[in-house]
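Visitor: Below is a structure I'd like to ask you about.
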Amino acid sequence: MTERLVDVMDGSGNVLHTYPITLGESGNADDAEYLAKALQAAANGHLVPDAQLGTLTSRMHTGRGGQMAPYGDDLQGNSETRQGLEQAVRERAYLLWENEGRPEGRAEEFWHRALEQHLRERAYVLWQQEGSPEGRQDEYWRRLVDFQAQ
């Protein structure tokens, strides 16, 4: 199985999410199959309201050169709202579930794994944005865990 990154964009060309897409064993998959699966993941993950699904497009992800920076973080500020956090976790949980072969009866496990991964990544980005203050990493983690618990 080959994993490829695919960007899903809104009608204005803004990247909403980059999905890691894995296709079957054949190894003969073309880009169109990856692009279609990313759009399907966006629909299943409720990336946008159903009425806007037709406006989404996808493209193969291109790596960025230069200094590392939080990719698209300015577009993911919605994870600071309850609804945005739940949507981001739902999308990630779906991808984790799909990547592990869609096992039955383990939805809660995938939800919790996705939540922890999302909160850890978000805490790290916030810590970096504030200049990576030494000895304060846990403060950002606790802040996000407290937010999620509200």
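Visitor: Tally time: how many residues in region 99-112 are surrounded by fewer than 17 Cβ atoms within 10 Å (Cβ to Cβ) and either of a type in the set (D, E, K, R) or in contact with a helix residue (DSSP H, G or I) (Cβ under 9 Å, 6 or more places away or on another chain) (or both)?
Guide: Count: 9.
Visitor: Between a first residue in region 1-22 that is without any contact (Cβ under 8 Å) to a residue 12 or more places away in the chain and assigned by TED's automatic domain parsing to the domain that holds residue 50 and a second residue that is among the polar types (S, T, N, Q) and surrounded by 12 or more Cβ atoms within 10 Å (Cβ to Cβ), which pairs have beta carbons less than 6 Å apart while being 6 or more apart in sequence or on different chains?
Guide: none
Visitor: Within region 133-140, can one find any residue that is over 18 Å from residue 20 (Cβ atoms), of a type in the set (Ser, Thr, Tyr) and within 19 Å of the chain's Cα centre (by Cα)?
Guide: no
Visitor: Condition first: within 20 Å of residue 8 (Cα to Cα), modelled with pLDDT of 85 or more and touching a strand residue (DSSP E or B) at 6+ places or on another chain (Cβ under 9 Å). Can you find one or more residues in region 101-121 that meet it?
Guide: no
Visitor: If you scan region 113-150, which residues turn out to be exposed (fewer than 14 other Cβ atoms within 10 Å of the Cβ) and in contact (Cβ under 8 Å) with a residue 40 or more places away in the chain?
Guide: Once the filter is applied, which keeps residues that are exposed (fewer than 14 other Cβ atoms within 10 Å of the Cβ) and in contact (Cβ under 8 Å) with a residue 40 or more places away in the chain, region 113-150 yields 129, 150.
Visitor: Okay, moving on. Taking region 85-117, which residues are under 14 Å from residue 45 (Cβ atoms) and among the polar types (S, T, N, Q)?
Guide: Of everything in region 85-117, those that are under 14 Å from residue 45 (Cβ atoms) and among the polar types (S, T, N, Q) turn out to be 87, 99.
Visitor: Considering only residues of region 23-35 that are touching a residue at least 12 places away in the same chain (Cβ under 8 Å) and assigned to a helix (DSSP H, G or I), which is farthest from residue 118 (Cα to Cα)?
Guide: Here the answer is 31.
Visitor: A further question follows. State whether one or more residues within region 48-71 are of a type in the set (D, E, K, R), farther than 28 Å from residue 147 by Cβ and at pLDDT below 85.
Guide: Yes, region 48-71 contains a residue that is of a type in the set (D, E, K, R), farther than 28 Å from residue 147 by Cβ and at pLDDT below 85.
Visitor: Counting only residues that are modelled with pLDDT of 85 or more, of a type in the set (Phe, Trp, Tyr) and within 11 Å of the chain's Cα centre (by Cα), how many does region 1-45 have?
Guide: Looking only at that region, the number is 0.
The values are calculated or read from the model by the stated rules, or taken from the named source; none is laboratory data. None of these values were measured; they are calculated from a predicted model. So basically every Cβ, Gly included, is an ideal-geometry build from the backbone, and we count neighbours across all protein chains shown.
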